[in-house]
Structure formats: structure tokens, C-alpha cells
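The values are calculated or read from the model by the stated rules, or taken from the named source; none is laboratory data. Note that the structure is predicted; figures quoted are calculated from it, not measured. Don't worry about glycine lacking a Cβ; one is built from the backbone with ideal geometry, like all the others, and counts go over all protein chains shown.
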């Protein structure tokens, strides 16, 4: 179903607003049928990038192509794209059916085609029979489904999703994530998603581009980015991470917390080691690990599937976060606040990252 | 220590409202009631004869029609001018929008009489406009007669009333989510199509409110027509004549009550529009 006619490429895109550089030398390629997320905090340039692909903003320099066609200077209505907005942006003065048919009507489709397509799309988004309702009569989730149907009915070459689930509550957000992802894969449609929600990015994307300061810091598959962050920023923005800065000496990293074994040889004579909280081992199992750290649990919080612990290391006072899967009897947590524990992690579970730990 | 009086919330509210209510009652409600009562009282007590006479007389019906048609024309022109201005104000003016609003509202701070005299000065036979056209630019051989033409009276009314229409339309346009327009563009609509499919329908309420406001004020306008003429014979002018020249107070009261009813009908329409907006 996929062919190269929907490959989206951005080449050396740069966009400034006055003195502010919103996007800087950005390169990105989205393969046909793939969903790529632009993930980052607000102000990282992800929305500006999406708006340039949509045609609402034009880059100062660089090129945007879809299937080899240059889109850079084309107005939005000539690009043949579909877009789903965070605020749904359904036309409040038109019915659900008229909203979905809008794109078909603009391209001059016959009344019969419009009616058939509206029905087909409503079936697809599980809203059959709601043609004549107005958007305000639907729930948020239903409105978002209509918005999705309205964007997809015109067979867009690329689907743009601008924080599409930001206005929904958590439970609904998760089910809509699956629904949108399933539909996108079934239709084999190329999609670009903008989000600041790392869970959303990880559960929906083939690839994630983590953005910061107008640049893509790292591009890769979700598990790759999560397990192999290249920078301290990516390590902490995607999930949680314990970061240790230090000097490299005799193959060890000399940090405030102590001398830590390294998973690989760092390039320079200083380095930052990142260890995910779920990779940290607490208690007896940690005694045999090479770090030989000990600490006291200062806070524990039960999170259902796991428990989160704050551990203050003896001597250095460094704070470490550790997640532990429930392995005790139901209704119990194995470690209490105040407990003295051994702390460690398998050396290969640490990752060397560049850049200092970002200040919160 | 000052002595404190404990009042119930209801009493306190009544006390706070009292000055305004008394003022309105004495200077607004009582004259209105007195005036319309005059139109219903004949020699033999209560009568509707003045209304039946008035509303069956073709001359007076013609005056009502002329009043309404003039107001409608002024309304149409005002809205047509106001919409683009409101659009620029909301969408394009950016940091200059404050300045633009100032220029819109500033004329309202000047008395309408002064503004109308201004039109007289500009457009008199030996006024500034004629001087430009004839002497300075040499476009015309002889000065044009502007005063007492319908066009100038309408122009002056439009000039006074456009700000009301602009502000009504702008406030609604401000509330239109631009993402809706972007959504239409993404679906292949051109900018012009987007305006007619999305922007205009969503600002109909603002146009309605502005139009009713302009219509109502134009309907009761008096000074402009007295000073600039234009050959119009409208209800307010006729009322003025009856009070001052013919001194037929009863007929004048009848006409002002009819004018009031037209105004109330407009107000009712406006409230209905606002209520629909609120849903």
C-alpha cells in the first residue's frame, strides 16, 4: 500500500522569529507509512516545524519535499495534507457530516460521493449515525475521532498530528493512542506527530525525534532512544534517569558518589553516566555489584505496578531514584523509609551520555 | 470608632442601587410614560384614534418608510465598511491595534453637533473641499453643491456610526479560533473560500449586533439631518417640527411612541441574538 510518493523530507530547515531562532538546520526524513514524532518541551521548535510542513509558516531557508515534490513555498491548501489539531478545530456551525465532507466538497466531489465517504469514515471511527449532530453535542474523544475522519477522508499524502490528544483525560488518551496508531498503520499513511508527552511519543511512533533548542538531538526508534540516550537531556526528558558527572581515571568514573565502573571507554577525560531508575538494584542483590554503594531510603512511593524509592547515598549524600517491581506479597512493599540498603546496577545497564545534567 | 449599622445583604443592595434607580425613574421613565400617555389621552379620555389616524395616513406611512429605508441604507454601508476595518484591526494590526481603536473611538468623544458642523465647514459652497477641487487642483470649473444632498447626509451618518459596527464585529471576530481557518485551508479551501465558509458564518452574530445598533441609532438620528439636510423627511425630524413649529404635542407624542416601539423591537432582536450566542 505504501510507495515513495509520500516520503516527507525536511532539508536544512531554518526559521527565525526576530532575534529568536525557532528551528535551526533541521534535517528529517519520514518514510512512507511511518509515524515519526517530534518530541520536546515547549519552545523546542516542534510546533514551528509542523507548521512549516503544513504551510502556515515558511522557512527562512531549507527545503520541504513530499514524494520528491517541492512543497516549501506552496500554500497549505495546495499541499494535499491532513491535519488534526489539539483543539479539534471542528467547524462549530456545521454538522459532523458536513465537517467530514468539507475537504471532499472543496475538491468538487459529488453529493453522492460525499455522503458515501462520510458514512464510510464514520463507520471507521465508530461514530455511525452521528452525521447530523453538531460538534458541541459530542464528547472530547468523539470530537477528536471526527477530526481524524475529516483529515483522513481526503486521502492526504501526509497526516499531521498537532498534540492531538492533549485535551483528553488520561484514560481516553491511552485508548485513542492505540486507535490512531492502529488506523495509521492499517491505512499505511505517512504521519508526523508533535507532542510533549513522552509516553504518547513512545507508544505511537516508529521513530522519535527528540528536539531541543530548535534542533533534533536524537532520532531513533522509541526503545533505542530510551535505552541508548546520547545526551543527558534526552536521558532525562524521556523517562527518568540518575546522572553521574565525573572525571575518567583508570577506566573508572570519579564522581561525588564514588568511583563507578564504566560500560564503555569515554571519548574525553570527563563523562556523564546515565542509569535508569528501573535498572538500579537495591538490597541484598546489589551487594555483589561493582559499585559497592550504600544508602538510606528517604522516601518511598507506591505506584501500583512498581514502587519508587529515593535513596540518599552514604558519604556523598547523592540522591538516587530507583524503581522496584512488586515481588512481595500483595499489599506489602518490601522496603520501608529509613532502611539501609546496598545500591548498585549491572555495569552494562549504565549509558554514557554527553552534556551536563540539565538543571531542573 | 465610627458606629456601624448592620444591614441585611438585601437591604444593602437596595440602598446601593437606590440613587441610580431614582435617577432613572425621574429623568427617564417618568418623561417617557408622560410622553406616551399624552398620545393616548383625547378629549373624551383614553383614545387610540391618533394611532389609527397616523397609521392609515399615506403621508405618515411614507415618513416611517423613509426613516426605515434611510436607516437600512446607512446600516448596510456601515457594515460593509466596518467589516474590513474590524478584520484588519483583529488580524493584521498587531501592536498597532490599540492605536487603531483609539482612532476609532476618538471621534465619539467629540459632540455629534461639532462633528456635523465639521462636515458643513468642509463641504460648504466655499468650503475646503470645493476649494481643493476648483482652485487648488483645478478638477472642476465651478464649486459643487454638497450640502442638502442625500449622499452627504448618508455619508455623515455612516461616519458617526461605523465605529459601533467595527467594535461589535471585532469583538466577535476576536473570538474566532484561527485554527478553524487553518483547518479549512488544510482541507483544500482557498483563503477566499475559507473566509466565506468559516470566518463569515462565525461572525454573523457580530454583524447582527453591529447592524441592529447602527440601525437603532440611525433611526433616531436628528442632528445630522437637521444640519446637513439631504431632503429626508424622517420621524425624528417630523417630531421636532410638531413640537416646535406646529406645536401639536399629541401628534408628536404619538410619533415618538412609534419610534420608541421600533427601537424596542430592535432591542428585542438584539437580545435574541445575544442569547443565541450565549448557548
Worksheet item: Which one of A:149, A:136, A:115 is under 23 Å from residue A:31 (Cα atoms) and either away from every other protein chain (no Cβ under 14 Å) or in a helix (DSSP H, G or I) (or both)?
Response: A:149
Discussion item. So for segment A:54-67 (the condition being closer than 22 Å to residue A:200 by Cβ, away from chain B (no Cβ under 14 Å) and under 24 Å from the mean Cα position of the chain (by Cα)), does at least one residue qualify?
Written reply: no
Worksheet, complete the sentence: Among helices (runs of 4 or more DSSP H) completely within segment A:154-227, the ones holding 1 or more residues that are closer than 17 Å to residue A:50 by Cα and touching a strand residue (DSSP E or B) at 6+ places or on another chain (Cβ under 9 Å) are A:198-204
Worksheet item: Tally time: how many residues in segment B:200-235 are in a helix (DSSP H, G or I), in contact (Cβ under 8 Å) with a residue 60 or more places away in the chain and surrounded by fewer than 19 Cβ atoms within 10 Å (Cβ to Cβ)?
Response: 3
Fill in: Residue check, residue B:21 in contact with a helix residue (DSSP H, G or I) (Cβ under 8 Å, 6 or more places away or on another chain) and part of a helix (DSSP H, G or I)
no
Worksheet item: Quick one: which of A:159, A:122, A:127 is at pLDDT 90 or above, touching a helix residue (DSSP H, G or I) at 6+ places or on another chain (Cβ under 7 Å) and within 14 Å of another protein chain (Cβ to nearest Cβ)?
Response: A:159
Worksheet item: Quick one: which strands (runs of 3 or more DSSP E) sit completely within segment A:286-325 and have at least 3 residues that are surrounded by fewer than 16 Cβ atoms within 10 Å (Cβ to Cβ)?
Response: A:293-302
Worksheet item: Is it the case that segment B:115-122 has a residue that's within 14 Å of chain A (Cβ to nearest Cβ) and in contact (Cβ under 8 Å) with a residue 12 or more places away in the chain?
Response: no
Practice prompt. Would you tally the residues in segment A:68-109 being assigned to a strand (DSSP E or B) and within 11 Å of chain B (Cβ to nearest Cβ)?
Written response: 3
Worksheet item: Taking segment B:196-207, which residues are more than 7 Å from chain A (Cβ to nearest Cβ) and closer than 18 Å to residue B:90 by Cβ?
Response: B:196, B:199, B:200, B:203, B:204, B:205, B:206, B:207
